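**Student:** Pasting in a structure now, in structure tokens, and then I'll have a few things to ask.
The values are calculated or read from the model by the stated rules, or taken from the named source; none is laboratory data. A quick note: this is a predicted structure, and the numbers were derived from the prediction, not measured. Ideal geometry is used to build each Cβ from the backbone, glycine not excepted, and the neighbour counts take in all protein chains shown. Remember, those area values only see protein heavy atoms, side chains included, never the ligands or the DNA or RNA. Shrake-Rupley method; radii C 1.70, N 1.55, O 1.52, S 1.80 Å.
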Amino acid sequence: MSGASDNTSKIPTSASSNEEKRLEKILSDIKGAGDVSVMITYHESNKNSNDEKNKAKGAVITADGCSDAKIRSAISDAVCAALDLPAHKVCVY
């Protein structure tokens, strides 16, 4: 649909990609996690605000080891802590 507004911030790809790569590295260090992929969405930044940092809105994580409930929980907990997100904003598959 052309002209539709997306409320997800368009932050520079290198900044979001860097944060995602760092989180992938940390999560892959969890025993049993295996290969991990991370996608982070961000709130639209307020250009009138002095807050330079874009706040994470949510995260989607895929990991080979997620069939194990303990590993899935550890990954979710780590993402919540790293991004200061509530658990309902983090999906782990």
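A quick yes/no check of all residues on (1) modelled with pLDDT of 95 or more; (2) in contact with a helix residue (DSSP H, G or I) (Cβ under 8 Å, 6 or more places away or on another chain); (3) at positive phi:
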{"residue": "ILE30", "(1), (2), (3)": "yes, yes, no"}
{"residue": "ILE40", "(1), (2), (3)": "yes, yes, no"}
{"residue": "SER49", "(1), (2), (3)": "no, no, no"}
{"residue": "LYS55", "(1), (2), (3)": "no, no, no"}
{"residue": "ALA59", "(1), (2), (3)": "yes, yes, no"}
{"residue": "GLY65", "(1), (2), (3)": "yes, yes, no"}
{"residue": "ALA74", "(1), (2), (3)": "yes, no, no"}
{"residue": "PRO86", "(1), (2), (3)": "yes, yes, no"}
{"residue": "CYS91", "(1), (2), (3)": "yes, no, no"}
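**Student:** Taking the residues in the stretch 1-23 that are outside any loop (DSSP other than H, G, I, E, B) and hydroxyl-bearing (Ser, Thr, Tyr) as candidates, determine which candidate is modelled with the lowest pLDDT.
**Tutor:** Filtering the stretch 1-23 for residues that are outside any loop (DSSP other than H, G, I, E, B) and hydroxyl-bearing (Ser, Thr, Tyr), the one modelled with the lowest pLDDT comes out as THR8.
**Student:** Could you please let me know if ILE26 is modelled with pLDDT of 95 or more, assigned to a helix (DSSP H, G or I), among the hydrophobic types (A, V, I, L, M, F, W, C) and open to solvent by 40 Å² or more (accessible area, probe 1.4 Å)?
**Tutor:** yes
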